[in-house]
Amino acid sequence: MPEIRTITLSHKEVVEALIRYQEIHEGIWQLYVEFGIAAANIATGEDQILPSAIVPVQKIGLHRVEKESLIAVDASKVNPK
């Protein structure tokens, strides 16, 4: 069997995993991603440098909301007490 190198999750699966990890048992929670922005001059070849934007993911977490959606789940359903 080949070695597994990558495991991917849907946004909803990430929310469910974080709810379980944080031991949350109530409320509706959705995926929260916080981005930053920076600029730099980046060489794209030997004779070209271009001003560029860099958008790093700074934080990933959960945000409590009122309704379930494609990225929000009810903690009482995925992690009951």
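The values are calculated or read from the model by the stated rules, or taken from the named source; none is laboratory data. What you see is a predicted model, and the numbers here were worked out from it, not measured in a lab. Counting neighbours? That spans all protein chains shown, and the Cβs are built from the backbone with ideal geometry, glycine included.
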Discussion item. Out of 16, 23, 34, I need the residue that is surrounded by 14 or more Cβ atoms within 10 Å (Cβ to Cβ) and acidic (Asp, Glu). Which one?
Written reply: 16
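Output the residues belonging to segment 1-56 that are of a type in the set (Asp, Glu) and more than 30 Å from residue 77 (Cα to Cα). Walk me through it before giving the result.
First pass over segment 1-56, keeping only residues of a type in the set (Asp, Glu): 3, 13, 16, 23, 26, 34, 46-47.
Of everything in segment 1-56, those that are of a type in the set (Asp, Glu) and more than 30 Å from residue 77 (Cα to Cα) turn out to be 3, 46, 47.
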Discussion item. Six or more apart or on different chains, Cβ atoms under 6 Å: show the pairs whose first residue is in segment 21-46 and more than 19 Å from residue 58 (Cβ to Cβ) and whose second is surrounded by fewer than 10 Cβ atoms within 10 Å (Cβ to Cβ).
Written reply: 25/81; 41/51
Practice prompt. Of the conditions (1) farther than 13 Å from residue 27 by Cα; (2) at pLDDT 95 or above, residue 47 clears all except one; give me its number.
Written response: (2)
Worksheet, complete the sentence: Filter segment 50-81 for residues that are among the charged types (D, E, K, R) and touching a residue at least 12 places away in the same chain (Cβ under 8 Å); the one that is farthest from residue 32 (Cα to Cα) is 81
